[in-house]
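Trainee: There's a structure below that I have some questions on.
The values are calculated or read from the model by the stated rules, or taken from the named source; none is laboratory data. The structure presented is a predicted model; accordingly, all values stated were derived computationally and were not measured. Note that each Cβ is placed from the backbone with ideal geometry, even for glycine, and that neighbours are counted across all protein chains shown. Heavy atoms of the whole protein, side chains included, go into the accessibility calculation; ligands, DNA and RNA do not. Shrake-Rupley method; radii C 1.70, N 1.55, O 1.52, S 1.80 Å.
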Amino acid sequence: MRVVAAAAGVALSMCTAAFGQQSVVQPRTPASSGKAPLDTVTVEAQRERKELEREVNEFVFAVAVRSVHDSLSRWNTPVCPLVAGLPKEQGEFVLARLSQIATAAKAPLAGEHCTANFYVIVTSQPELLLKKWQARDRRMFDTRNGMGSLRRFLDTPRAVRVWYNVGLASTDGNPITSDSLAGALVGSSVGLNLLMADIPTNTVRMGTRLRYSAVRSLSSVIVIVDANSVRELNFGQLADYVGMVGLAEVNQDAEVGPVPTILRLFRTSPDPPQGLSAWDQAFLGSLYGIDQASVLEQPMMKRSMVSTLAPSPEAKQPPPR
């Protein structure tokens, strides 16, 4: 909301001389301009910022998938998107748009010739495709935390399904795998057991509790689009939705209140979003713009979003007289 303040008028005492005599003209009360004074502008700006901070806090809390005592998930290795199931022209459009979104968010992006790790598959038979894929390549879907999530992913119909394979990376950027310690203990029964159990082991020590010794890193993301459910959408809407859910581990069913976001795309609405909103862009930009290893990652992310979304101080200043 734009508030404009008018400068207060100053009444002047006027003296006029008439035939050698002076008469005093009483000060006139300035007519009200109906505009807010400067102190009102300040109060309104403070109130709006507090409201924005509250909405940002609720948005991040609802949208970002969090793990206890862990960082949020993001790409730390270069993203290499692959789009399949669309005609060449539409596929190239979606691919180019995903690259634009990643670049704008400052997510790491691989070069033209790379090994795919961000799969976008459009199909009219998503259940059949997923069952065949899972049967052929069981290691494609990380089930280290149990089969429940995979079963829900395979069996729950929705327009766009997203599966995140999340690994751990040390703060120096190296991936943490099950052979990290097993390699150091090669030849021992402990090293063999660790390797067989597929238990990731971090050998990097941290001398402070203000930083994570390891961060959550997306190793691959699988996005399955049900072609039957997206016929009313344009490719810009679809690409932006995929970009949002593919560059961050998000809750697709998050209750976002009145905030404008592409995550509303598949909800009943007379006015569906046409693309990424300023909120979506601020969310992705802050996720990749702050220190992921800091235990203050989320507060830092929220402050970054507020700074991005808040009107500039210049916009709040009254115009010069």
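Trainee: For region 130-146, what are the residues that are open to solvent by 60 Å² or more (accessible area, probe 1.4 Å) and either within 27 Å of the chain's Cα centre (by Cα) or hydroxyl-bearing (Ser, Thr, Tyr) (or both)?
Mentor: ARG144, ASN145
Trainee: Let me ask something else. Name the single residue, out of those in region 213-241 being among the hydroxyl-bearing types (Ser, Thr, Tyr) and assigned to a helix (DSSP H, G or I), that is least open to solvent (accessible area, probe 1.4 Å).
Mentor: TYR241
Trainee: Give me the pairs: first residue in region 280-299 and touching a residue at least 60 places away in the same chain (Cβ under 8 Å) and β-branched (Val, Ile, Thr), second residue outside any loop (DSSP other than H, G, I, E, B) and open to solvent by 30 Å² or more (accessible area, probe 1.4 Å), beta-carbon distance under 7 Å, and six or more apart or on different chains, which are they?
Mentor: VAL295/ARG211
Trainee: Here is a further query. Cβ contacts < 8 Å: first residue over 21 Å from VAL162 (Cα atoms), restricted to region 53-78; second residue among the charged types (D, E, K, R) and assigned to a helix (DSSP H, G or I), any location; separation 6+ or different chain. Result?
Mentor: Partner pairs satisfying both residue conditions: GLU53/LYS302; VAL56/LYS302; ASN57/LYS302.
Trainee: Given the conditions (1) open to solvent by 50 Å² or more (accessible area, probe 1.4 Å); (2) more than 25 Å from ILE290 (Cα to Cα); (3) at pLDDT 85 or above; (4) touching a helix residue (DSSP H, G or I) at 6+ places or on another chain (Cβ under 9 Å), which single one is not true for ILE199?
Mentor: Going through the list (1) open to solvent by 50 Å² or more (accessible area, probe 1.4 Å); (2) more than 25 Å from ILE290 (Cα to Cα); (3) at pLDDT 85 or above; (4) touching a helix residue (DSSP H, G or I) at 6+ places or on another chain (Cβ under 9 Å), ILE199 breaks only (3).
Trainee: Please work out which one of (1) open to solvent by 30 Å² or more (accessible area, probe 1.4 Å); (2) within 23 Å of LEU263 (Cβ to Cβ); (3) under 25 Å from the mean Cα position of the chain (by Cα) is the condition PHE118 fails and give its number.
Mentor: Against the list (1) open to solvent by 30 Å² or more (accessible area, probe 1.4 Å); (2) within 23 Å of LEU263 (Cβ to Cβ); (3) under 25 Å from the mean Cα position of the chain (by Cα), PHE118 comes up short only on (1).
Trainee: Which one is modelled with the highest pLDDT, of the residues in region 242-258 that are open to solvent by 20 Å² or more (accessible area, probe 1.4 Å) and farther than 26 Å from SER219 by Cβ?
Mentor: Taking the candidates together, the pick is GLU255.
Trainee: What pairs come out if I take residues in region 139-167 that are over 16 Å from VAL223 (Cα atoms) and of a type outside the set (Lys, Arg) and pair them with residues that are open to solvent by less than 30 Å² (accessible area, probe 1.4 Å) and at pLDDT below 80 whose C-beta lies under 9 Å away, six or more apart or interchain?
Mentor: The qualifying pairs are GLY167/ILE176.
Trainee: Among the residues of region 85-103, count how many are within 26 Å of GLY285 (Cβ to Cβ) and open to solvent by 40 Å² or more (accessible area, probe 1.4 Å).
Mentor: Looking only at that region, the number is 7.
Trainee: So, in region 272-314, of the ones that are at pLDDT below 90 and open to solvent by 60 Å² or more (accessible area, probe 1.4 Å), which residue ends up nearest to VAL60 (Cα to Cα)? Lay out the reasoning, then the answer.
Mentor: Residues of region 272-314 that are at pLDDT below 90, as a first pass: 311-314.
Pick out the ones that are also open to solvent by 60 Å² or more (accessible area, probe 1.4 Å) and you get 311, 313-314.
Working: PRO311: 20, PRO313: 24, GLU314: 27 Å.
Of everything passing the filter in region 272-314, PRO311 is nearest to VAL60 (Cα to Cα).
Trainee: Looking at region 259-266, is at least one residue part of a loop (DSSP other than H, G, I, E, B), more than 16 Å from the chain's Cα centre (by Cα) and at pLDDT 90 or above?
Mentor: Yes, region 259-266 contains a residue that is part of a loop (DSSP other than H, G, I, E, B), more than 16 Å from the chain's Cα centre (by Cα) and at pLDDT 90 or above.
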